[in-house]
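Shown next, in structure tokens, is the structure this report addresses.
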Amino acid sequence: MTVMANTISQIDLPGIPKLKSGKVREVFDLGDALLFVATDRLSAFDVILPDPIPEKGRVLTACSEFWFGKTKHLVDNHFISSDSPRIPAAARGRSMLVRKCKPLAIECVVRGYLAGSGWKEYRESQTVCGIKLPAGLKESSELPEPIFTPATKAESGHDINIDFAKAAEITGPTIAAQARDYALAIYKFAREYARQRGIIIADTKFEFGTIDGKLILIDEALTPDSSRFWPADQYKPGGPQPSFDKQFVRDYLETLTWDKKPPGPKLPAEVIRKTSEKYLEALARLTK
């Protein structure tokens, strides 16, 4: 286990096999279930940065657990428990016991506002993932309706935006349509809830998997890592927005002469501190 100033950037659990080490999460095999451990690692532009963010793993776990509970009436999910006695002490507070399933090979992105790669594509073609949008939209404009914009999954490197037809090729048309409908329903529900608490969910990424052919929500849900969270009282379309997510880090990195390839640059102490504060504030606002 690698611990730095009250952070965990890497963790091993003696006697429990590790299945996977992702950009943020470590996945362990408990036999009949999986243990997801959220570290304090932060990735930006799909590169893991050398500096962990204090409290980040705890925020991601608490946020996901909250939303899994809030959205279970819309779609079932893989969450079992965050306080099971099966979770080792070293991983408590940042871990979820979850059901095993077969993950879909696509990311299910929903956008309600025009930002990030969607804004870049819109400027070039007035589309996002092949979906034609009205003319005259600005950066950060709210879209007439939320749109489903899937992407390929990448263990390393960049996810690639695809259109719905390509997603249907990868997963099969029935599963792709079901994932789209679930993703849009969860986003619309969460967006309304968050707006009442002063947060705009501009876009978010979901993952789904199947158990015995049934589609369920997996991985994380509506966290500051998987979403763009903007303060509603500061929203002003026409440019980038203040945020409660890692956009703060992305904005800093854009000021550097870095080619967005590994290794990632070190972060100043002030950027690390403010990022941690933003994650904690997002959790506090959403969960009260």
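The values are calculated or read from the model by the stated rules, or taken from the named source; none is laboratory data. Computed from a prediction, not measured in an experiment: that's the story for all the values here. With ideal geometry, Cβ positions are generated from the backbone for all residues, glycine too; neighbour counts draw on all protein chains shown. Calculation scope for accessible area: heavy atoms of the full protein, side chains included, ligands and nucleic acids excluded. Shrake-Rupley method; radii C 1.70, N 1.55, O 1.52, S 1.80 Å.
When the chain is modelled as a GNM with alpha-carbon springs shorter than 10 Å, which of Leu267, Leu217, Leu19 fluctuates the most?
Looking only at Leu267, Leu217, Leu19, the biggest GNM fluctuation is shown by Leu19.
In whole Å, what three semi-axes, largest first, describe the equivalent ellipsoid of segment 1-146 built from its Cα gyration tensor (square root of 5 times each eigenvalue)?
34, 19, 14
If packing is taken as the average count of other Cβ atoms within 10 Å, what order do 21-34, 274-287 fall into, highest mean first?
Result, highest mean first: 274-287, 21-34.
Segment 44-93: percent of C-alpha pairs farther apart than 18 Å?
On the way: 594 of 1225 pairs.
Of all Cα-Cα pairs in segment 44-93, 48 percent lie more than 18 Å apart.
For a label point 7 angstrom out from the Cα of Ala185 toward its Cβ, which stretches of segment 214-231 have the backbone nitrogen within less than 13 Å?
Residues 215-217 fall inside that zone.
What area, in nm² and to one decimal, does the C-alpha convex hull of segment 152-288 cast on average over all directions?
10.4
Given R₀ = 25 Å, what would the calculated FRET efficiency be for Glu277 paired with Ile16, taking r from the Cβ atoms and rounding to 0.05?
Values: r = 33 Å, r/R0 = 1.31.
Using R0 = 25 Å, I get an efficiency of 0.15.
With the crude spin-label approximation of a point 7 Å out along Cα→Cβ, what separation in nm comes out for Arg123 versus Lys236?
Taking the two extended label points, one gets 2.0 nm.
So what's the gap between the Cα centers of segment 136-214 and segment 1-78, to the nearest angstrom?
Cα centroid of segment 136-214 versus Cα centroid of segment 1-78: 21 Å apart.
How much area per residue is accessible in the chain when the probe is 1.4 Å and only protein heavy atoms are counted (Å²)? Spell out each step's value before the answer.
Details: 12810 Å² over 288 residues.
With all protein chains present, the chain gives 44 Å² per residue.
Between Arg92 and Lys72, what is the label-to-label distance in nm when each label sits 7 Å out along the Cα-to-Cβ direction?
About 2.2 nm, to one decimal.
Working out 0.36 nm times the residue gap between Asp251 and Thr210, then minus their Cα-Cα distance, what length gain in nm do you get to one decimal? Write out the running numbers ahead of the final one.
Working: separation 41, 0.36 × 41 = 14.76 nm, distance 3.63 nm.
Full extension of this stretch gives 11.1 nm more.
Give the peptides 49-62, 91-104, 248-261 in descending order of average Cβ contacts within 10 Å, highest first. Don't skip to the end; give the middle numbers.
On the way: 49-62: 22.9, 91-104: 19.4, 248-261: 13.4.
With the highest mean Cβ count within 10 Å placed first, the list reads 49-62, 91-104, 248-261.
If we sort 224-230, 12-18, 69-75, 206-212 on the protection proxy, mean other Cβ atoms within 10 Å, highest first, what's the order?
The most tightly packed comes first, giving 224-230, 206-212, 69-75, 12-18.
Using a 1.4 Å probe over the heavy atoms of the protein chains, calculate the carbon and sulfur portion of the accessible area of the chain as a whole percent. List each step's numbers first, then the result.
Details: 6790 of 12810 Å².
Answer for the chain is 53 percent, counting heavy atoms of protein chains only.
Can you figure out the FRET efficiency of Arg197 with Ala165, using R₀ = 35 Å and their beta-carbon distance, to the nearest 0.05?
Numbers: r = 36 Å, r/R0 = 1.04.
That gives a FRET efficiency of 0.45.
Please identify the DSSP H helices in the chain that span no less than 18 Å along the helix axis (Cα) and have a mean Kyte-Doolittle hydropathy of -0.5 or more.
Numbers: long enough: 56-70 (21 Å, -0.07); 173-195 (33 Å, -0.26); 269-287 (27 Å, -0.28).
Answer set is 56-70, 173-195, 269-287.
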